[in-house]
Amino acid sequence: MADLLVWLIWFLAVFACLGSGVAVISFENPFYSAIALIGNLASLAVLYLLLNAEFVAAAQVLVYAGAVMVMFLFVIAYLGKRADAPWAGGPSIQTLAAAVAAGAILVEVIAVIGLASGDRLSDEASVGAAFGSPAEIGAVFLTDHLLAFEITSIVLLAAAVGGVILGSEPKAPPPEPEAPSGVQGTGEKT
Amino acid sequence: MNEPWWIDIPKALIVVNVVMAAFAYTTWLERKVLGRMQLRYGPNRAGVFGLLQPIADLIKLIRKESFFPGTSVSALYITAPLISAATAMAAFAVIPWGPGWAIGSYDISGVIADVPISLLLLFALGSLGIYGFIVGGWASDSKYSLLGSMRTCAQLVSYEVSLALSVLGVVIMAGSLSLTEIVAKQEDGWWYAGPQLVGLLVFFVAGVAETNRAPFDLPEAEQELVAGYHTEYSGMRWGLFQTAEYINMITLSALCVTLFFGGWDGPVGDEFGPLWFLLKVFLFVVLFIWMRASLPRLRYDQLMNFGWKVLLPVATINAVATAALVIAL
């Protein structure tokens, strides 16, 4: 019974994931594409949940499906409805090449996973109770993967500083004495 | 822990109904308290003290003709209020009501879903709830709605950061992301409102902004934006947005009580945990209403400056200082 339920959820999540992935690149309206991407990220989170990685699933929803995608929608909604037909004009050489490259990557991934894990794929994984808990993840981050963790945080910090520099305007000529209305531009400040 | 598997169903039913009733009577309380503070009576026609007013409002909203703008995107327009209301209600699944009870041979826990990362889950649900506002505003295809939803979005994203950082102190002190454990820790020792006073203040201010309540109700500034993201909504669809907003306010009060005021912990009687919990939540809801009656709305640039330049640094320093103190002591 429980196994059947897990299978059912896995099936739904996988097809939602693939379907929304195709939808992201097929919609003409970028707003719909962004919503499909949210669906894609959320169904990935369900797959993480099935793998006992609750923390990763929650972080995925919080950071990617939540904060990052809000920014996408924000920008798209500001720019207005600009249709962009992705399939117009039939397949070009570029589309075909992209499809071939994607297929090649898929084959590579399957081959690597198959070679690396051998026949362990068919066995049930033994997962401890602490697996995927915040404490465990924190411990691994700060011991085995400390260097990668720190490098990532420095890269992110540099990106944030870069964003501030790109977003800030050069020193403007003396500001106007008093803005007549209290409401000011919304875009730059966020 | 030998809970029967079916216990989640009655638990969920009870919690959903209590939350919906709390929502209905928060609207009544708000109108009544606001009225008295403005030397009016507030609703007093439907039932004694106007107590049947929320029911009358519900019937009115459901029976209203539901029309929408011809140019709106109907699928998204219809889904948006559902997303908001559903995520708002789902949040209560992880908020603990009591320490648990032994009934017959069963041990019943005081929370629907006791997950080890419940705090994170709450924030994740909150960040999904934003989509209801932004998608609803966009799908209405109206300038006011779009501007309102942009404002909501900018405000929520800005204050979410401070909100998450402000609870970090509590998480460090309790050493857990589970709300049940956080309350249990407070039961043994101090309520975290004392040692985490700065965190509490940041949490409360950011929380008021997060729920779009006065004085941070810019997304609905009627002088500039008509009604913000729900300008084009009417009937029960509008009602669902209101539901989401009020339930978010109740959830925030509940979270504040859970994190800083000991949750179900009261002076006497662990069995009466839910009563203590509800009493504390009620006090916070009254505080929310009181603030709406007494504080004028912020200007948009003040809002952004305050969020990024005051609240965020204070929250960060609080988190770092707490971490240092916890390690040192």
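When B:A124, B:A88, B:A80 are checked against the criterion of being within 12 Å of chain A (Cβ to nearest Cβ), within 15 Å of B:L255 (Cα to Cα), touching a Gly at 6+ places or on another chain (Cβ under 7 Å) and surrounded by 22 or more Cβ atoms within 10 Å (Cβ to Cβ), B:A124 stands alone in meeting it. Residues in region B:56-77 that are in a helix (DSSP H, G or I) and either within 14 Å of another protein chain (Cβ to nearest Cβ) or within 22 Å of the chain's Cα centre (by Cα) (or both): 6 in all. For region B:148-171, check the following and say yes or no: at least one residue is within 14 Å of another protein chain (Cβ to nearest Cβ) and outside any helix (DSSP H, G or I). Yes: region B:148-171 contains one or more residues that are within 14 Å of another protein chain (Cβ to nearest Cβ) and outside any helix (DSSP H, G or I). Of the helices (runs of 4 or more DSSP H) entirely within region B:255-329, those holding at least 2 residues that are away from chain A (no Cβ under 14 Å) and in contact with a Phe, Trp or Tyr (Cβ under 6 Å, 6 or more places away or on another chain) occupy B:273-294. Of everything listed in (1) loosely packed, with under 10 Cβ neighbours inside 10 Å; (2) modelled with pLDDT of 80 or more; (3) not hydroxyl-bearing (S, T, Y), the single unmet condition for A:V112 is (1).
Checked against the criterion of being away from chain B (no Cβ under 14 Å), at pLDDT below 65 and surrounded by fewer than 10 Cβ atoms within 10 Å (Cβ to Cβ), the candidates A:P173, A:P177 yield just one match: A:P177.
How many of the residues in region B:108-118 are more than 9 Å from every other protein chain (Cβ to nearest Cβ) and either open to solvent by less than 20 Å² (accessible area, probe 1.4 Å) or of a type in the set (V, I, T) (or both)? Steps first, please.
Of all residues in region B:108-118, those more than 9 Å from every other protein chain (Cβ to nearest Cβ) come to B:108-114, B:118.
Add one more test, that the residue is either open to solvent by less than 20 Å² (accessible area, probe 1.4 Å) or of a type in the set (V, I, T) (or both), and what stays is B:108-112, B:118.
Final tally of qualifying residues: 6.
Where residues in region B:276-291 are in contact with a Leu (Cβ under 9 Å, 6 or more places away or on another chain) and aliphatic (A, V, I, L, M), which of them is most open to solvent (accessible area, probe 1.4 Å)? Among those residues, the one meeting the criterion is B:V286.
Scoring B:G35 on the criteria (1) closer than 21 Å to B:V286 by Cα; (2) among the small types (G, A, S); (3) surrounded by fewer than 15 Cβ atoms within 10 Å (Cβ to Cβ) leaves a single failure, condition (3). Consider B:V135 carefully, then state whether it is closer than 16 Å to B:L252 by Cα, out of contact with any His (no Cβ under 9 Å at 6 or more places or on another chain) and part of a helix (DSSP H, G or I). So B:V135 fails the test. Could you pull out the residue among B:S145, B:S140, B:S105 that is within 11 Å of chain A (Cβ to nearest Cβ), touching a residue at least 12 places away in the same chain (Cβ under 8 Å) and not hydrophobic (A, V, I, L, M, F, W, C)? It is B:S145.
Of all residues in region B:175-191, those being buried (at least 21 other Cβ atoms within 10 Å of the Cβ), hydrophobic (A, V, I, L, M, F, W, C) and more than 17 Å from the chain's Cα centre (by Cα) number 3.
Looking only at region B:292-313, residues that are open to solvent by less than 60 Å² (accessible area, probe 1.4 Å) and within 23 Å of the chain's Cα centre (by Cα) come to 8 in all.
Residues of region B:244-273 being of a type in the set (V, I, T) and surrounded by fewer than 22 Cβ atoms within 10 Å (Cβ to Cβ), which ones?
The answer is B:V268, and nothing else.
Of the residues making up region A:44-63, those that are under 19 Å from B:A91 (Cα atoms) and not charged (D, E, K, R) number 12.
For B:G47, the criteria (1) free of Cβ contacts under 8 Å to residues at least 24 places away in the same chain; (2) out of contact with any Leu (no Cβ under 9 Å at 6 or more places or on another chain); (3) open to solvent by 50 Å² or more (accessible area, probe 1.4 Å) hold in every case but one, which is (3).
Across region B:1-28, what is the number of residues that are open to solvent by less than 60 Å² (accessible area, probe 1.4 Å) and either aromatic (F, W, Y) or under 16 Å from the mean Cα position of the chain (by Cα) (or both)? It would help to see each step written out before you state the result.
Step one: list which residues in region B:1-28 are open to solvent by less than 60 Å² (accessible area, probe 1.4 Å), which gives B:4, B:7, B:10-12, B:15, B:18-19, B:21-24, B:26-28.
If we keep only those that are either aromatic (F, W, Y) or under 16 Å from the mean Cα position of the chain (by Cα) (or both) as well, we get B:15, B:18-19, B:21-24, B:26-28.
So the count comes out to 10.
The values are calculated or read from the model by the stated rules, or taken from the named source; none is laboratory data. If you're wondering where the values come from, they're calculated on a predicted model, not measured in any experiment. A quick note on method: Cβ atoms are made from the backbone with ideal geometry, for glycine too, and the neighbour counts reach across all protein chains shown. Just the protein is used for accessible areas: all its heavy atoms, side chains included, with ligands, DNA and RNA removed. Shrake-Rupley method; radii C 1.70, N 1.55, O 1.52, S 1.80 Å.
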